[in-house]
Amino acid sequence: MRMSYTRQLLIERPDIPKVAIGILAAMMLFGLFSVGFDQGQLFSLVEGKEAFDSNWLHEFVHDMRHAAGFPCH
Amino acid sequence: MRSLPFLLVTLVSGGVAGTILGIVNLGVVEPYIDKAIQLETQNEIRAGENVNTDEMAGYRIWQKSGEIVGGIVYGISLSSLFGIVFAYSRNSLPGNNVKVKAILLASIMCFVLFIVPSLKYPSNPPAVGDPDTIYYRQGLFVAFLVISGASALGVTAFIKKINQTVSKKVAIACTIYGAIMIVSYLAMPPNPDKISISMNLVEAFRLGSATTIVMFWESLGATYGTLWNRFNPQNLKKVTAF
């Protein structure tokens, strides 16, 4: 008598989605700049030079910036 | 790998770890920031500057209200970086447990991207730092951060190519990375600003902030591993073998 059997395996396809990597890279750069480095540059895109004086974003993330070890002012 | 679960796991874990960081910072780090700002204000008043205390109080409310939001943005930005590194390195990390792998990688990234840069350019509370040197100090900080991160990546790529036991590879990696960072530490200029407030306050602030950032990285790794197991972004394909 001849016996036969089947086995099911889970195989991972090793591809890493490039679009997702691109989205994450953009979010990382934008987020780190906002929290760690902005001195009015981001808001100046819509507010003009006044953004460098009001520094709203800088002040908003001020405490987290200090706590995370970034140079602040 | 499936994009949507991968993005979901990465961004949600960063948001969760960042929220925890913001909440903990309100209790652990904020008292030191408040004290430093009080000292800064007293110094300005003594120097004869006109300080609007109502405006200052308004600023403090705005600044404190951003602690948790800032934590979430910080968390998501670092979890984005973590997700990219994890996607490419998870098969090389030791063990079979994804959660352990994620915590191990988070610990390595915390060491490379926070602890080592902090040894050269430690965090400072308000009242420390001359606004005129901010771009110079930011440049130094970024340069040291990039040297540390790039060295770690380069060393990892190198030890993957050599034919040695795992323990020897780890020893070689640590030696090369350590040598690069010691040379960089000695070669890079110091923070140009003098500290004019109590060193006890500065050191307590540094210890508090370092503790919460280490906690952040560990909670990021643990959350990432848990969510990875739950949503399974790996593109598992069922095949039938005869």
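The values are calculated or read from the model by the stated rules, or taken from the named source; none is laboratory data. Please read all numbers here as calculations on a predicted model, not as lab measurements. A quick note on method: Cβ atoms are made from the backbone with ideal geometry, for glycine too, and the neighbour counts reach across all protein chains shown. Side chains included, ligands, DNA and RNA excluded: accessible areas come from the protein's heavy atoms. Shrake-Rupley method; radii C 1.70, N 1.55, O 1.52, S 1.80 Å.
When the criteria are applied in full, B:Ser118 fails the requirement of being among the hydroxyl-bearing types (Ser, Thr, Tyr) and buried (at least 21 other Cβ atoms within 10 Å of the Cβ). The single residue among B:Leu11, B:Leu7, B:Leu21 that is facing chain A (nearest Cβ under 10 Å) and open to solvent by less than 20 Å² (accessible area, probe 1.4 Å) turns out to be B:Leu21. Taken over the range B:78-103, residues that are small (Gly, Ala, Ser) and over 21 Å from B:Ala150 (Cα atoms) amount to 1.
Can B:Val73 be described as of a type in the set (A, V, I, L, M, F, W, C) and under 25 Å from B:Val9 (Cβ atoms)?
Details: of a type in the set (A, V, I, L, M, F, W, C): yes; under 25 Å from B:Val9 (Cβ atoms): yes.
Criteria met by B:Val73.
Among the conditions (1) closer than 23 Å to A:Phe37 by Cα; (2) modelled with pLDDT of 95 or more, B:Asp193 misses just one, which is (2).
Considering only residues that are more than 7 Å from every other protein chain (Cβ to nearest Cβ) and outside any loop (DSSP other than H, G, I, E, B), look in the range B:71-97 and name the one that is nearest to the chain's Cα centre (by Cα).
The qualifying residue nearest to the chain's Cα centre (by Cα) is B:Leu78.
Of the set (1) open to solvent by 70 Å² or more (accessible area, probe 1.4 Å); (2) under 19 Å from A:Phe60 (Cα atoms); (3) of a type in the set (Asp, Glu), all apply to B:Glu49 but (2). Scanning the range A:27-56 for residues that are at the interface with chain B (Cβ under 9 Å from one of its Cβ atoms) and either crowded, with 20+ Cβ neighbours inside 10 Å or under 23 Å from B:Val128 (Cα atoms) (or both) yields A:Met27, A:Met28, A:Gly31, A:Leu32, A:Phe33, A:Ser34, A:Val35, A:Gly36, A:Phe37, A:Gln39, A:Trp56.
Residue by residue, here is whether (1) open to solvent by less than 20 Å² (accessible area, probe 1.4 Å); (2) touching a residue at least 40 places away in the same chain (Cβ under 8 Å); (3) not in a helix (DSSP H, G or I) holds:
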site	(1), (2), (3)
B:Leu145	no, no, no
B:Ser151	yes, no, no
B:Gln164	no, no, yes
B:Val170	no, no, no
B:Thr175	no, no, no
B:Pro189	no, yes, yes
B:Arg206	no, yes, no
B:Ile213	yes, yes, no
B:Asn229	no, yes, no
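Sort out which residues of the range B:101-126 are within 14 Å of chain A (Cβ to nearest Cβ) and assigned to a helix (DSSP H, G or I), and write them in order of number. B:Met109, B:Cys110, B:Phe111, B:Val112, B:Leu113, B:Phe114, B:Ile115, B:Val116, B:Pro117, B:Ser118, B:Leu119, B:Lys120, listed by residue number.
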